[in-house]
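None of the figures in this text is laboratory data; all of them are computed from the coordinates on show. Quick caveat, the model's predicted, so the values are computed rather than measured. A quick note on method: Cβ atoms are made from the backbone with ideal geometry, for glycine too, and the neighbour counts reach across all protein chains shown.
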Amino acid sequence: MIRRTGKMYLILPICALLLGSCALLKPRQETAKETTAKPAKEKLVFIDGIATPREGKTSEHRTKNRNTSIYSVPTGVNSIEEARPWQFKYAQLLDLPVEDVVNEKLFGFIEDWWGTPYQMGGSSKSGIDCSNFVNTLMAAVFQINLVGNSVQLYSQVKKLHKRGELQLGDLVFFAINRKKRISHVGIYLENDRFVHASSSAGVMISDLRESYWVRYYAGAGRIN
């Protein structure tokens with residue numbers, strides 16, 4: 001019995017040492033696994049819903065359910081804010097790209113007179129007729145002094161026989177009365193549009209391709 005008890009005293013410390021070494025080795029192995037495992041790819045999600053990966057690449061920003069493109073941004077314009085309000089207005093009226101509407105002096109004059117009511121013989125912003133509007137615009141914008149009504153202006157111009165010859169500043173004439181006599185005049189702009197003082201809506205821009213103006217078109221001319 002004495003010998004067995006001595007052996008037991010020897011066995012117990014050895015078992016305790018073995019158990020302790022196992023306990024120490026286990027957390028070390030788990031730590032090694034954590035350091036060797038590949039990190040998962042995470043994304044940072046911001047308040048506005050735009051996610052960017054940790055690699056540092058920039059994500060594409062988009063605005064959902066909103067059409068912010070009133071007009072297509074033309075070539076050479078860095079942002080829609082660079083164009084001015086009058087360019088948008090007259091680009092739409094002339095059906096032209098915004099970057100092609102650059103004559104601020106011309107369109108500023110038209111804008112200043114826009115909607116002025118028609119008045120036979122009138123020459124002010126309280127009322128103006130077609131020939132006086134043409135004479136006023138040509139003097140202010142093109143520095144060309146003209147005098148006379150639509151019939152007299154028609155006799156002063158170099159006639160253009162083809163509409164394809166029309167250029168900015170040419171005069172366009174119409175015979176609206178029953179006698180087929182020249183009775184209305186306007187100034188050609190671009191893209192078949194012309195500005196004039198109409199009896200129905202005052203100073204405005206119209207389209208030569210409209211059936212009304214096609215019907216009464218009498219010709220065009222250029223001031224030499």
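Using Stokes-Einstein with the Kirkwood hydrodynamic radius over Cα pairs, what translational diffusion coefficient do you get for region 123-224 at 37 °C and a viscosity of 0.692 mPa s, in µm²/s rounded to a whole number?
D, rounded to a whole number, is 244 µm²/s.
When Lys and Arg each count +1 and Asp and Glu each count -1, what net charge do the other residues less than 13 Å away from residue 168, Cβ to Cβ, add up to?
Here the charged neighbours net out to -2.
Pop out the ³J(HN,Hα) list for region 175-180 in order, Karplus 6.51 cos²θ - 1.76 cosθ + 1.60 with θ = phi - 60°, rounded to Hz; leave Gly and Pro as x.
10, 8, 6, 5, 7, 6
Quick one: what are the phi-derived ³J(HN,Hα) couplings along region 204-212, Karplus 6.51/-1.76/1.60 with θ = phi - 60°, whole Hz, x for glycine and proline?
Calculated HN-Hα couplings, in order: 7, 10, 10, 10, 4, 7, 5, 4, 4 Hz.
Determine the alpha carbon to alpha carbon distance for each of 125/162; 105/179; 105/158; 105/162 and list only those over 30 Å.
Numbers: 125/162 34 Å; 105/179 37 Å; 105/158 25 Å; 105/162 28 Å.
From the list (125/162; 105/179; 105/158; 105/162), the Cα-Cα distance tops 30 Å for 125/162; 105/179.
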